[in-house]
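A short write-up of the structure that comes next.
The values are calculated or read from the model by the stated rules, or taken from the named source; none is laboratory data. Everything numeric in this text was worked out from a predicted model, so none of it was measured. Here the Cβ positions follow ideal geometry from the backbone for every residue, glycine too, while neighbour counts run over all protein chains shown. For the accessible areas, the whole protein counts, side chains as well, though only heavy atoms, and no ligand, DNA or RNA atoms are used. Shrake-Rupley method; radii C 1.70, N 1.55, O 1.52, S 1.80 Å.
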Amino acid sequence: MDVLTEQDVQKYQDEGYLVLDGLLTPEECDALRERMSEIIDRMDVPEHCRIQFSTDHDEQLKTQGNADYFITSGDKIRFFFEKGVFDDKGEFIVPREHSLNKIGHALHAYEPLFKAVTHSPKVQNLGKKLGLINPVILQSMYIFKQPGIGGEVTPHQDATFLYTQPLGRVMGVWIALEDATLENGCLWFIPGSHNDGITRRMVRTPKGTFPLTDFIGREKSYDDKLFVPTPVKKGGAVLIHGEVVHRSAANTSDASRHVYTFHIMESQNTIWSPENWLQPTEELPFPSLYT
């Protein structure tokens, strides 16, 4: 089946994002959520989350541990927690399934169900319709947006974190595994904001320095009135241009907003910045979408 019409492609190019209904069936969404439950049941809590706070030194160890855990997560499946879910001994004070902010960044490589969705004929078809010649998968994440504590994500552009030369080579595929609503923190976009470049970049700092990443430049301030809410039904997806400005509000509802999302880069005639936090490794070169 054709997922994208000509009008869809035009709309994506004009506005910088596109909502697609029914990319996955409800059953496919449930299967991904069930698999994620199993992963959470079996997860080991990372050591840096277990450090007791007693001195500044411990605080620093925790921060460094956290940073190191993140920057080396590109070819692994790792766990990132919401604030305030551990006591000072590193034990859960909320149910573990409600403790997570996200899991990343290589579900697409090591988890068969997530891999199958990422490389599915439907997604490959999207790439072809958009004229992608040699698209590769950069990273993947499962985002929880927990009820009541799922925090706000401030306005940003994905190219700040996933920088290429030329720009415009990265696209996010954001799949709602539950309804994403105004109440539980759906995405908001500024249509057409993908044409203005970026003003901020996250870069790796020189080896041996801390922090491990830094920002060059600043995020612009955006007029709140320009943002358009984008609710999505379970199984629907949003295609997100790397430079379109988007945000999501905190989840104030009692329903979670689970999402599987991954980023695709057109690798033909593209330079992936060696300064990006995310780097391909020997264990996991960026895999081709079309395999």
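Select, from Val19, Val9, the only residue that is at pLDDT 95 or above, crowded, with 18+ Cβ neighbours inside 10 Å and not in a loop (DSSP other than H, G, I, E, B).
Details: Val9 fails: crowded, with 18+ Cβ neighbours inside 10 Å.
Going through Val19, Val9 in turn, the sole match is Val19.
Residue by residue through region 164-182, note down the ones that are part of a loop (DSSP other than H, G, I, E, B) and either of a type outside the set (D, E, K, R) or out of contact with any Asp or Glu (no Cβ under 9 Å at 6 or more places or on another chain) (or both). So that I can check it myself, show each step before the final result.
Initial filter on region 164-182 (part of a loop (DSSP other than H, G, I, E, B)): 166-169, 177-179, 181-182.
Passing the criteria: Pro166, Leu167, Gly168, Leu177, Glu178, Asp179, Thr181, Leu182.
Using beta carbons and a limit of 6 Å, which pairs, at least six apart or on different chains, have the first residue in region 205-225 and in contact (Cβ under 8 Å) with a residue 60 or more places away in the chain and open to solvent by less than 90 Å² (accessible area, probe 1.4 Å) and the second one β-branched (Val, Ile, Thr) and not in a loop (DSSP other than H, G, I, E, B)?
Going by the 6 Å Cβ cut-off, the qualifying pairs are Leu212/Ile71.
Hey, among the residues in region 33-79 that are over 29 Å from Phe262 (Cβ atoms) and polar (S, T, N, Q), which one's least open to solvent (accessible area, probe 1.4 Å)?
Looking at residues that are over 29 Å from Phe262 (Cβ atoms) and polar (S, T, N, Q), I get Thr55.
Can you pull out the residues in region 262-286 that are assigned to a strand (DSSP E or B) and either over 15 Å from Leu107 (Cα atoms) or open to solvent by less than 10 Å² (accessible area, probe 1.4 Å) (or both)?
As a first pass, look at region 262-286 and keep what is assigned to a strand (DSSP E or B): 262-266, 271-272.
Hits for region 262-286 are Phe262, Ile264, Met265, Glu266, Ile271, Trp272.
So which of Val94, Val117 ends up being surrounded by 14 or more Cβ atoms within 10 Å (Cβ to Cβ) and more than 30 Å from Tyr290 (Cα to Cα)?
On the way: Val117 fails: more than 30 Å from Tyr290 (Cα to Cα).
On inspection, the qualifying residue turns out to be Val94.
Starting from region 255-281, keep only residues that are of a type in the set (Val, Ile, Thr), then list their pairs with residues that are open to solvent by 40 Å² or more (accessible area, probe 1.4 Å) whose Cβ atoms are within a distance under 7 Å, requiring at least 6 positions of separation or different chains.
Cβ pairs passing all conditions: Thr270/Arg169; Ile271/Gln165.
Here is a yes/no grid of residues against (1) modelled with pLDDT of 95 or more; (2) on the phi > 0 side of the Ramachandran plot; (3) touching a His at 6+ places or on another chain (Cβ under 7 Å); (4) β-branched (Val, Ile, Thr):
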position: Pro147; (1), (2), (3), (4): no, no, no, no
position: Gly168; (1), (2), (3), (4): yes, yes, no, no
position: Ala180; (1), (2), (3), (4): yes, no, no, no
position: Leu212; (1), (2), (3), (4): no, no, no, no
position: Phe227; (1), (2), (3), (4): yes, no, no, no
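Quick check on region 115-135. Is at least one of its residues in contact with a Cys (Cβ under 7 Å, 6 or more places away or on another chain) and on the phi > 0 side of the Ramachandran plot?
Keep residues of region 115-135 that are in contact with a Cys (Cβ under 7 Å, 6 or more places away or on another chain), which gives none.
Among the residues of region 115-135, not one is in contact with a Cys (Cβ under 7 Å, 6 or more places away or on another chain) and on the phi > 0 side of the Ramachandran plot, which makes the answer no.
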